[in-house]
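The values are calculated or read from the model by the stated rules, or taken from the named source; none is laboratory data. Small disclaimer: the values here were computed from a predicted structure and weren't measured. Heads up, the Cβs are rebuilt from the backbone with ideal geometry, glycines too, and the neighbour counts pull from every protein chain shown. SASA here: full protein model, heavy atoms, side chains in, ligands and nucleic acids out. Shrake-Rupley method; radii C 1.70, N 1.55, O 1.52, S 1.80 Å.
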Amino acid sequence: MKYSFTNDYSEGAHPNILEALVRSNLNQENGYGYDTHTKNTIKYIQEAVQDKNASVYLLSGGTQTNLIAISSFLRPYEACIAAHTGHIAVHETGAIEATGHKIYTVHSDDGKLRCSDIENTLNMHHDEHMVAPKLVYISNPTELGTVYTKQELEALRNICDTHDLILYCDGARLGTVICQAQFDLTLSDMYRLTDAFFIGGTKNGALLGEILVIRNNTLKKGMQYNIKQRGALLAKGRVLGIQFEELFRDGLYVHLAKNAMRHARVLSIGFHAFGYKFLVAPQTNQIFPIIENELIEVLQNNFDFYIWEKVNATHSAIRLVTSWATTDDAVTALIDAIEKYNPDQYGAPPKDDAPGIAYTDKV
């Protein structure tokens, strides 16, 4: 059977979560998020963001969270600004557009928006004859695995404040950022620097689920109504509450993200040691090595992964994603397969500051 590096949700859930679900199975709980587990999760998140007034909502998936949040935040004549690689622009089947909101996309080689991108978009759409840009959508990490640093987030926060824009962050893989000491970015920082963001569970050890956190008081009004109207208010909200209670009670969330990062770093160093370059410098658990098309065919015998884009006639960039459940054996087997293809090219593992690798600390 092939081993999949296609995504970070191929497996079910961490055993602690499954055990907690079984252990509490016959306990009677209130529905619709009023169960004790959801209440505990809300308390953990409020403590993490250092604000007992933070509004916290548990939802089942990332697309659902983006749709509900953005459609709640915007007036009918308002639009989002996003990188052209942004999840809402590419992989959500027009969910945002289906709610009547336009997305202004900006080309970005590394998946990140710059302040100049926002300024340019505002300058291009400046009167009542055009849909008004209002919300800046970012993902951290981005869809290319790159990271918005604290300094970059502060710059985005400043420009959003200057132009009265909403800064909203998709955190489907946020764990792979906050677990790395080099970025010095905490949930409290994410809360302080955005108007709202979500914390992904689906891609970090949960069966399903995301946590939407809202700081901006003007965005909180009516949120529970919109969640219900969109079919996202689960009668058995405990299913989400139990999972996140396990993830955030004793630091399991960060621990699982570190496992994904440890294996991503090993793979990145391995590819670099064979002389391969990357489409973007690896920073999180999505890596994009550029390899021979012939090697792709060889690897596909034993591994599943995305062929991301054609680079030239003989090489393509592939996407490999490690997860909370990735094993040492799987990573070793992939590197061994590359070595068999390049028996005479393997060199000593590069130093942490080797060109093309952005990891600077061990996790």
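Here are some notes:
- Volume in Å³ per residue [convex hull over Cα atoms, computed for the stretch 213-279]: 174 Å³
- Whole-number Å³ per residue for the convex hull built on Cα positions in the stretch 296-339: 73 Å³
- Spacing of the two label points (7 Å from each Cα toward its C-beta) at Thr162 and Tyr32, in nm: 4.5 nm
- The calculated FRET efficiency for the pair Thr327 and Lys39, based on their C-beta separation and a Förster distance of 35 Å, comes to about 0.50.
- Highest mean packing comes first when the peptides 233-239, 336-342 are listed by Cβ atoms within 10 Å, giving 233-239, 336-342.
- Principal axis dimensions, the chain - Cα atoms, whole angstrom, descending: 63, 57, 33
- Protein heavy-atom accessible surface, 1.4 Å probe, per residue over the chain: 45 Å².
- Computed on the stretch 104-154, the Cα convex hull volume stands at 82 Å³ per residue.
- Among Lys258, Lys203, Lys43, the residue with the largest mean-square fluctuation in a Gaussian network model of the chain, with springs joining Cα atoms closer than 10 Å, is Lys43.
- The accessible surface of the chain, taken with every protein chain in place and a 1.4 Å probe, is 50 percent carbon and sulfur.
- Ratio of Rg to Rh over the stretch 201-321 (Cα coordinates, Kirkwood Rh, two decimals): 1.13
- Counted over the stretch 68-169, the DSSP beta bridges are approximately 0% antiparallel.
- Three-way shape call for the stretch 53-162 based on the alpha-carbon gyration tensor, with the a/c threshold at 1.5: rounded
- Report note on the peptides 140-151, 101-112, 204-215: ranked by the mean count of other C-beta atoms within 10 Å, highest first, their order is 204-215, 140-151, 101-112.
- Working from Cα pairs under 8 Å separated by at least six residues, relative contact order for the stretch 92-152 is 30 percent.
- Sequence-separation-based contact order of the stretch 1-93, relative, with Cα cut under 8 Å and 6+ spacing, percent: 13 percent
- In terms of its Cα atoms, the stretch 108-213 spans 46, 28, 27 Å along the principal axes, sorted from long to short.
- Over the stretch 1-107, the ratio between the Cα radius of gyration and 2.2 N^0.38 Å evaluates to 1.41.
- Dimensionless Rg over Rh [the stretch 277-350; C-alpha; Kirkwood]: 0.94
- Only beta bridges with both residues in the chain are counted; by DSSP, about 55 percent of them are antiparallel.
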